[in-house]
Amino acid sequence: MKSFVFPEFQIIRDEEKCGQCRGCERQCSFGTHTYDPLTDRLISDDYKCAGCQRCVIFCPKDAIVVRPTQSFYRPNASWSREKIEDLKKQAETGGVILTGCGNDKPFRIYWDHIVLNASQVTNPSIDPLREPMELRTFLGAKPDLMDIDFKGGDVEIKTKISPHLMVETPILFSAMSYGAISYNAFKSLATASKQFGTLFNTGEGGLPRELRAEFGGNAIVQVASGRYGIDAEYLNCAAAVEIKVGQGAKPGIGGHLPGEKVSQSVAETRMIPVGTDAISPAPHHDIYSIEDLSMLIHALKEATNYEKPVSVKIAAVHNVAAIASGIVRAGADIIAIDGLRGGTGAAPKAIRDNVGIPIELAISALDMRLKNEGIRNRCSIVAAGGLRSSSDIIKAIALGADAVYIGTAALIAMGCTLCQKCNTGKCNWGLCTQDPRLSGRLNTEIATKRLTNLLNAWSHEIMEMLGGMGINAIESLRGNRDHLRGIGLYEWELEVLGIKGAGQ
Amino acid sequence: MPRIRRELYNKEICACSIFGAMNRDGERFTGKGVMKAIANMHVRGNGLGGGFAAYGIYPEYKDYYAFHLMFTGNSPEAKRSAKIGFDAFLCENFDVVSDDEIPHSDEVVVSDPPLIWRYYVLPRKQGEEALLSDEDYIVKMVMHVNTKIENAHVFSSGKNMGCFKGVGYPEDIGEYFMLDKLYSAYTWTVHGRFPTNTQAWWGGAHPFSLLNTTVVHNGEISSYGTNRWYLEMYGYACTLQTDTEVIAYAVDLLMRRQSIPIEIVAKILAPPIWNSIDRMDEKEKKLLTTLRMVYGSLLMNGPFAIIIGQTGKMIGLTDRIRLRPITAATRGEMFYLSSEEASIRLISPVLDSVWTPNGGEPVVGELNNMRTVL
Ligand code: SF4
Ligand code: SF4
């Protein structure tokens with residue numbers, strides 16, 4: 001059937017500059033560029049281009065420009081080009097449209113409507129280059145009251161404190177499974193978190209055995225509905241265990257790793273046969289209620305000898321605050337919430353673009369709810385889904401998060417250009433692929449450096465902003481909405497965020 | 001569904017002078033000296049707030065809780081009617097042993113004074129409240145009055161002690177309440193205030209107090225929002241929207257309810273930095289790490305110097321990087337704390353020792369014999 005969808009991108013090659021080195025041909029996994037020996041020219045097929053910009057960056061002559069196509073349908077506010085094309089594609093295939101990355105629709109991004117405070121006169125700002133500025137963060141359940149014993153100047157804490165995670169910066173790497181991402185990308189995340197003193201999350205694809213001894217201490221291992229790659233050693237080598245209930249990019253939906261991506265090593269790690277589809281069901285088949293979740297939490301604590309905090313990750317949906325409150329009462333030490341903009345390796349586009357609520361509102365609603373119920377101490381909140389910069393992170397903390405997970409941002413640091421083709425397994429940047437030719441493009445040392453650089457840069461920026469507010473320890477900003485003001489928001493939005501408008 | 005009102009924080013900001021004097025033998029003295037000392041720091045205030053806490057002033061009523069109340073309103077009638085409303089509540093929940101209007105001098109001109117009344121009471125706990133300790137019961141009732149009863153405000157609620165405060169320079173407030181003539185205390189703490197952003201309100205002056213704990217404070221707490229929600233989870237309603245109130249409540253929570261000694265409390269309010277903690281020996285490191293982990297939300301961030309008054313104790317503490325220093329001094333049995341050394345020298349030219357404590361390190365003056373005041 002002839003497709004009626006025209007290309008998204010237009011490739012323009014400057015023939016004057018092009019040296020016919022065929023680099024672009026080798027770079028593109030989608031087969032966009034081919035060499036024509038007759039004319040000694042490179043030919044590009046716009047239809048195949050994913051817009052990942054790999055060839056543009058790697059062309060030694062700077063000869064290529066890839067830009068959105070100039071063609072357009074008659075402009076129509078209701079029938080946008082995307083709507084028309086999605087419909088056409090479905091008419092041509094009869095299938096669900098799959099995509100990668102996070103929601104790209106113009107829902108309000110609250111980060112961009114919130115401004116931060118700074119000290120003037122009455123309270124000196126603090127210069128992080130001269131004074132201590134502390135980002136160390138502990139994640140886990142805190143006791144309400146502590147029983148401290150004093151005997152002759154000797155102090156002893158009698159209350160048994162639940163296990164905690166310590167990170168040197170409140171930025172953790174979000175769940176990205178080996179299988180969805182390449183071995184090199186996975187290992188780079190692990191190495192960077194170890195070097196920086198933070199944590200990475202294995203996602204639901206297990207933790208390759210050879211990485212356990214070295215990186216287990218920096219790993220949060222996931223237990224998801226597919227239960228891939230789980231054994232006692234997997235749970236016990238880690239810093240913490242996370243039960244994945246939902247994901248911001250696809251709340252209410254399970255996962256599907258196509259058989260083509262299940263290589264020998266992925267199969268071993270997931271404990272499934274090579275080449276089989278790895279399907280994670282939408283719900284956990286043993287969790288149909290909060291009581292069931294509570295049992296799983298305690299089973300995992302039992303399995304890890306009560307030495308590791310247990311986190312529960314849910315997607316930010318309408319009743320996120322009430323649900324999370326139940327989860328805290330069920331015994332979770334950490335609640336990870338993943339907002340509307342959270343990324344994914346593959347999700348139905350209709351779900352990705354329409355289900356869930358923005359993380360900003362979810363953090364605030366959850367924090368306030370737990371405070372009102374007097375149980376905020378009993379868990380830490382880790383926020384995920386759409387954090388793009390250090391300022392987003394500091395705002396998340398002021399709205400009540402203890403720390404954040406970054407997924408998309410970490411991928412971008414390693415080279416991702418948000419082309420949204422992760423589901424194809426052909427990622428030209430070596431990130432979301434199991435093709436050894438492609439994943440080999442990602443040099444773990446360089447990728448690790450790029451990740452630690454990012455953590456370093458963002459941590460410094462957070463310090464600068466904290467110092468500006470006259471605060472020298474990150475815990476003093478947690479839930480401290482005093483330091484935030486909203487701009488261009490409706491009254492109900494300010495209410496949910498618990499902040500005043502600018503100038504108020 | 002009714003819309004929940006958006007929670008707005010209205011924090012006020014002020015710079016100030018603080019002073020404290022204590023006789024560690026428990027001998028009582030009038031407020032004359034401390035009034036002179038605080039007057040010497042006149043320029044640190046702007047006449048929009050001054051106040052005193054005095055310990056040991058009601059020996060004849062020492063077994064009763066002394067409530068100091070402010071009744072506000074636009075007219076004398078409004079103030080009276082606020083009092084009538086409060087009296088009804090009081091009689092239902094307390095046995096009132098005696099009450100009177102707190103004497104004041106009409107010669108001192110102060111702006112819009114509220115009606116200020118004093119009650120000596122004992123709790124009358126009913127039903128489930130019988131399970132509460134007397135002190136928890138008082139805290140609950142004080143929170144109730146200050147949040148629910150309009151125009152009535154409890155600003156002092158301890159035994160054998162009391163706060164006196166208002167809008168004006170502290171030395172004027174002292175004269176208004178005739179502290180140099182009517183009261184003798186073994187500990188006095190004083191505060192002169194320089195609020196930068198609120199309208200003057202009598203209740204907004206320092207000290208802030210709950211039961212026997214009083215706090216006078218100089219500085220601004222940038223962690224206010226975090227401290228406040230933490231305390232609210234434990235039932236402390238921060239109604240006055242000042243930094244100082246959260247310190248008073250934090251001290252109550254830690255020292256009274258959890259019986260943690262001041263040395264440890266100081267490590268919670270103004271903990272050492274991680275760099276120092278990481279270098280400590282294992283035991284200390286574990287203790288301080290746990291304290292910071294559990295009580296991180298009570299870390300008071302930003303510049304502050306405070307004087308905490310308690311029965312038999314006066315404590316000085318500054319923030320962990322000492323952005324607002326305090327001076328401590330002793331002379332015989334006298335123990336002084338002040339924003340400025342000159343004020344101490346003014347009333348005690350010769351001193352045995354004078355020092356500036358390190359950031360986060362509490363200086364504690366204690367009665368040599370608690371029995372002298374109990
Ligand atoms: S990579 Fe650049 S120079 Fe090489 S063939 Fe392609 S367009 Fe020409
Ligand atoms: S990970 Fe790769 S495929 Fe996915 S969006 Fe980024 S560049 Fe594209």
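Using beta carbons and a limit of 7 Å, which pairs, at least six apart or on different chains, have the first residue in the range A:59-74 and closer than 21 Å to A:Val5 by Cα and the second one in a loop (DSSP other than H, G, I, E, B) and open to solvent by less than 50 Å² (accessible area, probe 1.4 Å)? Correct list of pairs: A:Val66/A:Cys49; A:Val66/A:Gly51; A:Thr69/A:Phe6; A:Thr69/A:Pro7; A:Ser71/A:Phe6.
In the range A:414-428, the residues that are touching a residue at least 24 places away in the same chain (Cβ under 8 Å) and away from chain B (no Cβ under 14 Å) reach residues that are within 16 Å of ligand 1 (Cβ to nearest atom) and polar (S, T, N, Q) with C-beta atoms within less than 6 angstrom, at least six apart or across chains, in these pairs: A:Thr417/A:Gln53; A:Lys426/A:Ser29; A:Asn428/A:Ser29. Counting only residues that are among the hydrophobic types (A, V, I, L, M, F, W, C) and either open to solvent by 20 Å² or more (accessible area, probe 1.4 Å) or more than 22 Å from the chain's Cα centre (by Cα) (or both), which one in the range B:2-30 is modelled with the lowest pLDDT? The residue in question is B:Ile4.
Do the conditions hold for B:Leu182, that is, is it farther than 20 Å from B:Lys36 by Cβ and either crowded, with 22+ Cβ neighbours inside 10 Å or not aromatic (Phe, Trp, Tyr) (or both)? No, not satisfied.
Just one residue in the set A:Glu85, A:Glu25 is surrounded by 12 or more Cβ atoms within 10 Å (Cβ to Cβ), among the acidic types (Asp, Glu) and more than 13 Å from ligand 1 (Cβ to nearest atom); that residue is A:Glu85. Every condition in (1) part of a helix (DSSP H, G or I); (2) open to solvent by less than 20 Å² (accessible area, probe 1.4 Å) is met by A:Ile220 except one, and the failing one is (1). In the range A:25-100, counting only strands (runs of 3 or more DSSP E) that sit wholly within it, the ones holding 1 or more residues that are basic (Lys, Arg) span A:41-44, A:64-68.
Looking only at residues that are within 22 Å of B:Ser156 (Cβ to Cβ) and open to solvent by 30 Å² or more (accessible area, probe 1.4 Å) in the range B:252-266, which one is farthest from the other protein chains (Cβ to nearest Cβ)? Top of the filtered list is B:Arg256. For the residues A:Thr424, A:Thr344, the requirement of being modelled with pLDDT under 95 and crowded, with 24+ Cβ neighbours inside 10 Å singles out A:Thr344. Just one of the listed residues (A:Ala384, A:Ala410, A:Ala403, A:Ala398) is closer than 30 Å to A:Met146 by Cα, open to solvent by less than 10 Å² (accessible area, probe 1.4 Å), under 16 Å from the mean Cα position of the chain (by Cα) and more than 8 Å from ligand 2 (Cβ to nearest atom), and it is A:Ala403.
Suppose we filter the range A:306-337 for residues that are touching a residue at least 40 places away in the same chain (Cβ under 8 Å) and at positive phi; how many remain? Residues in the range A:306-337 being touching a residue at least 40 places away in the same chain (Cβ under 8 Å) and at positive phi: 1 in total. Exactly one residue out of A:Glu475, A:Glu445, A:Glu464 is assigned to a helix (DSSP H, G or I) and free of Cβ contacts under 8 Å to residues at least 40 places away in the same chain, and it is A:Glu445. Considering A:Leu370, A:Leu366, the condition of being within 14 Å of another protein chain (Cβ to nearest Cβ), touching a Lys or Arg at 6+ places or on another chain (Cβ under 8 Å) and open to solvent by less than 10 Å² (accessible area, probe 1.4 Å) is satisfied by A:Leu370 alone. No other residue among A:Gly254, A:Gly179 is within 24 Å of A:Thr99 (Cα to Cα), at pLDDT below 95 and crowded, with 21+ Cβ neighbours inside 10 Å apart from A:Gly179.
Considering the range A:33-60, the residues that are more than 14 Å from ligand 2 (Cβ to nearest atom) and touching a helix residue (DSSP H, G or I) at 6+ places or on another chain (Cβ under 9 Å) include one that is nearest to A:Lys83 (Cα to Cα), namely A:Ser44. Could you tell me whether any residue of the range A:379-387 is touching a residue at least 60 places away in the same chain (Cβ under 8 Å) and within 16 Å of ligand 1 (Cβ to nearest atom)? No; the residues of the range A:379-387 include none that is touching a residue at least 60 places away in the same chain (Cβ under 8 Å) and within 16 Å of ligand 1 (Cβ to nearest atom). Could you please let me know if A:Ser78 is more than 29 Å from the chain's Cα centre (by Cα), more than 29 Å from A:Thr408 (Cα to Cα), more than 10 Å from chain B (Cβ to nearest Cβ) and open to solvent by 30 Å² or more (accessible area, probe 1.4 Å)? Judged against the criteria, A:Ser78 is a match.
Taking the conditions (1) crowded, with 22+ Cβ neighbours inside 10 Å; (2) facing another protein chain (nearest Cβ under 10 Å); (3) at negative phi; (4) out of contact with any strand residue (DSSP E or B) (no Cβ under 7 Å at 6 or more places or on another chain) in turn, A:Gly470 satisfies each one other than (3).
Among the residues of this structure, A:Leu189 does not count as one that is crowded, with 22+ Cβ neighbours inside 10 Å and without any contact (Cβ under 8 Å) to a residue 60 or more places away in the chain.
Looking at the range A:259-343, the helices (runs of 4 or more DSSP H) lying wholly inside it that each contain 2 or more residues that are assigned by TED's automatic domain parsing to the domain that holds A:Gly205 and among the charged types (D, E, K, R) sit at A:264-270, A:290-303. Scanning the range B:348-371 for residues that are without any contact (Cβ under 8 Å) to a residue 60 or more places away in the chain and of a type outside the set (Ser, Thr, Tyr) yields B:Pro349, B:Val350, B:Leu351, B:Asp352, B:Val354, B:Trp355, B:Pro357, B:Asn358, B:Val363, B:Met370, B:Arg371.
The values are calculated or read from the model by the stated rules, or taken from the named source; none is laboratory data. Note that the structure is predicted; figures quoted are calculated from it, not measured. Cβ: placed from backbone, ideal geometry, glycine included. Neighbour counts: every protein chain shown. Ligands, DNA and RNA are stripped out before the accessible areas are found, and what is left, the full protein with its side chains, is counted by its heavy atoms. Shrake-Rupley method; radii C 1.70, N 1.55, O 1.52, S 1.80 Å.
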